[in-house]
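The values are calculated or read from the model by the stated rules, or taken from the named source; none is laboratory data. Note that the structure is predicted; figures quoted are calculated from it, not measured. Here the Cβ is made from the backbone with ideal geometry for all residues, glycine too, and neighbour counts use every protein chain on show. SASA here: full protein model, heavy atoms, side chains in, ligands and nucleic acids out. Shrake-Rupley method; radii C 1.70, N 1.55, O 1.52, S 1.80 Å.
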Amino acid sequence: MKLATLRDGSRDGRLVVVSRDLTRATGVPHIARTLQAALDDWQHVGPRLQDVAAMLETGAEPTERFHERDALSPLPRAYQWADGSAYVNHVELVRKARGAEMPPSFWEDPLMYQGGSDSFLAPRGPIRMADEAWGIDCEGEVAVIVGDVPMGADIDTCREAIELVMLVNDVSLRGLIPAELGKGFGFFHAKPSSAFSPVTVTPDELGDAWDGGKLSLPLEVDLNGEAFGRANAGVDMTFDFPRLIAHAAKTRPLCAGTIIGSGTVSNKGPDGDPGKPVSEGGAGYSCIAEIRMIETIKAGKPSTPFMRFGDTVRIEMKDADGHSIFGAIEQTVEKA
C-alpha cells in the first residue's frame with residue numbers, strides 16, 4: 001500500500017491512497033482524514049486502507065490524477081523526528097577528515113539527534129535559506145514511521161512496530177554545525193526543516209528488497225541534473241531500523257507517528273576505501289559533506305561547494321524494474 005498527503009488548505013492536508021504506479025489516488029475521508037489519524041488507530045484503520053488499495057488497483061475505486069507536486073510530506077508535521085547515523089562509514093569519514101580517531105563505541109551504540117518535527121518541507125517545495133554561507137547541504141536518507149513503541153522495547157517489538165517506509169532530505173547547514181556542537185548542547189540552527197518523499201509505503205510493497213530492517217536498493221541523489229549518489233541503502237548499514245528504534249525507545253515510549261531516520265546513506269569503496277564519485281564509476285555520495293571530507297583527506301582541503309541559490313537536488317529510489325517507489329523529492333534552494 002502507498003499513501004500520500006495532498007494539499008487541501010489545512011495544516012495537515014488530506015490522506016489519499018496512491019496506486020502502485022503513482023499515477024492515481026483516491027481519498028479516504030470516511031476512514032481517516034489524515035495520516036496521523038490513521039496511525040493513531042492503525043490496527044483497525046490499516047486493514048481498511050489496504051482494502052482500498054487493492055480496489056484501487058483493480059479499478060473498483062473512484063480516482064483522481066496523482067501529481068507529486070501536490071503532495072506535502074506524508075506527515076506534514078509529526079510528534080517526533082529522531083534521526084540516527086546508521087552508516088558508520090559516514091561518521092568515520094567526518095572524523096578522519098579532521099584528524100580525529102573514532103571511538104570504538106560508535107560501532108556499538110548508534111548516534112541519534114532529535115530534529116524539529118513541527119513543520120516539514122513539501123517534497124517538491126523550495127529550500128529557503130537566508131545565507132549561502134551557512135553551508136547548505138542535502139542528505140539523502142531512508143526513514144520509517146512506527147506505531148506505538150513501549151519504553152525499553154526489544155528488537156523484535158521494534159521490528160514489528162515499523163508501519164511505513166519513506167525517503168528523506170535531511171537539510172543540514174554545515175557552516176553552523178561546529179559552533180553549535182562546540183557549545184556541548186547539540187544541533188538546533190544547523191538542522192532546519194527536512195522534507196520527505198511524496199509517498200510513504202508499507203514494507204510489503206518493497207518485496208525482497210526489505211528484510212525487516214534494511215532496504216537494499218540504490219538511493220539516487222542528483223545535483224543540478226547530474227548523478228551524485230547511487231549508494232545502496234542496505235550496504236554498510238551498521239545499525240538497522242529495529243536497532244535504531246530500540247535506541248530511541250531506551251528511556252521513553254515512542255508514540256504512533258514517530259519518524260526514525262537512517263542518517264546519510266553511505267557506502268565504502270570495494271576495497272574498503274572511502275569510495276569514488278559516480279562519474280568515476282563509484283557509488284557516489286548522499287550528501288555534499290562526504291565528498292568534501294574525501295577531498296580534504298586526499299588534498300588537504302575541499303573543492304566541492306555546498307548548495308547555492310538556484311541549485312536543485314533530486315532524491316529517488318527505484319525498484320528492480322526501474323519504477324519509482326516513493327516518488328521523488330526535488331527541491332531548489334531559494335533565498336529567504
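Residues checked against (1) under 23 Å from Leu181 (Cα atoms); (2) assigned to a helix (DSSP H, G or I); (3) touching an Asp or Glu at 6+ places or on another chain (Cβ under 9 Å); (4) modelled with pLDDT of 95 or more:
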{"site": "Asp51", "(1), (2), (3), (4)": "no, yes, no, yes"}
{"site": "Val91", "(1), (2), (3), (4)": "yes, yes, no, no"}
{"site": "Val94", "(1), (2), (3), (4)": "yes, yes, yes, no"}
{"site": "Met102", "(1), (2), (3), (4)": "yes, no, yes, no"}
{"site": "Pro110", "(1), (2), (3), (4)": "yes, no, no, no"}
{"site": "Gln114", "(1), (2), (3), (4)": "yes, no, yes, yes"}
{"site": "Asp118", "(1), (2), (3), (4)": "yes, no, no, yes"}
{"site": "Arg124", "(1), (2), (3), (4)": "no, no, yes, yes"}
{"site": "Glu141", "(1), (2), (3), (4)": "yes, no, yes, yes"}
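When segment 128-144 is examined, which residues are found to be aliphatic (A, V, I, L, M) and either open to solvent by less than 70 Å² (accessible area, probe 1.4 Å) or under 20 Å from the mean Cα position of the chain (by Cα) (or both)?
Met129, Ala130, Ile136, Val142, Ala143, Val144
If I filter segment 293-313 for residues that are open to solvent by 10 Å² or more (accessible area, probe 1.4 Å), over 14 Å from Pro218 (Cβ atoms), free of Cβ contacts under 8 Å to residues at least 40 places away in the same chain and in contact with a Pro (Cβ under 7 Å, 6 or more places away or on another chain), do I get at least one hit?
Yes: segment 293-313 contains one or more residues that are open to solvent by 10 Å² or more (accessible area, probe 1.4 Å), over 14 Å from Pro218 (Cβ atoms), free of Cβ contacts under 8 Å to residues at least 40 places away in the same chain and in contact with a Pro (Cβ under 7 Å, 6 or more places away or on another chain).
Could you say which residue among Gly284, Gly322 is within 17 Å of Val235 (Cβ to Cβ) and either buried (at least 16 other Cβ atoms within 10 Å of the Cβ) or at pLDDT 95 or above (or both)?
Only one candidate passes the filter, namely Gly284.
Could you look through segment 1-42, keep only residues that are free of Cβ contacts under 8 Å to residues at least 24 places away in the same chain and of a type outside the set (A, V, I, L, M, F, W, C), and pick out the one that is farthest from Ile162 (Cα to Cα)?
Among them, the one singled out is Gly9.
Working only within segment 44-57, note down all residues that are in contact (Cβ under 8 Å) with a residue 40 or more places away in the chain and either surrounded by 15 or more Cβ atoms within 10 Å (Cβ to Cβ) or closer than 20 Å to Val149 by Cβ (or both).
Across segment 44-57, the qualifying residues are Gly46, Leu49, Ala53.
Could you list, in sequence order, all residues of segment 70-89 that are open to solvent by less than 10 Å² (accessible area, probe 1.4 Å), part of a loop (DSSP other than H, G, I, E, B) and of a type in the set (A, V, I, L, M, F, W, C)?
Across segment 70-89, the qualifying residues are Leu75, Ala86.
Among (1) in contact (Cβ under 8 Å) with a residue 12 or more places away in the chain; (2) surrounded by fewer than 18 Cβ atoms within 10 Å (Cβ to Cβ), there is one condition Phe196 misses while meeting the rest; what is its number?
(2)
One line per residue, one yes/no per condition, for (1) touching a helix residue (DSSP H, G or I) at 6+ places or on another chain (Cβ under 7 Å); (2) surrounded by 16 or more Cβ atoms within 10 Å (Cβ to Cβ); (3) not aromatic (Phe, Trp, Tyr):
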{"site": "Val146", "(1), (2), (3)": "yes, yes, yes"}
{"site": "Val149", "(1), (2), (3)": "yes, yes, yes"}
{"site": "Ile155", "(1), (2), (3)": "yes, no, yes"}
{"site": "Leu164", "(1), (2), (3)": "no, yes, yes"}
{"site": "Val168", "(1), (2), (3)": "no, yes, yes"}
{"site": "Ser172", "(1), (2), (3)": "no, yes, yes"}
{"site": "Gly175", "(1), (2), (3)": "yes, yes, yes"}
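Out of all the residues in segment 34-43, is one or more at pLDDT 95 or above, part of a loop (DSSP other than H, G, I, E, B), open to solvent by 40 Å² or more (accessible area, probe 1.4 Å) and not basic (Lys, Arg)?
Yes - at least one qualifying residue is present in segment 34-43.
Give me the residue from segment 220-256 that is of a type in the set (S, T, N, Q) and open to solvent by 60 Å² or more (accessible area, probe 1.4 Å) and, out of that set, nearest to Asp109 (Cα to Cα).
Thr251
Residues Gly212, Gly225, Gly229, Gly207: which one is touching a Pro at 6+ places or on another chain (Cβ under 9 Å) and on the phi > 0 side of the Ramachandran plot?
Among Gly212, Gly225, Gly229, Gly207, only Gly212 is touching a Pro at 6+ places or on another chain (Cβ under 9 Å) and on the phi > 0 side of the Ramachandran plot.
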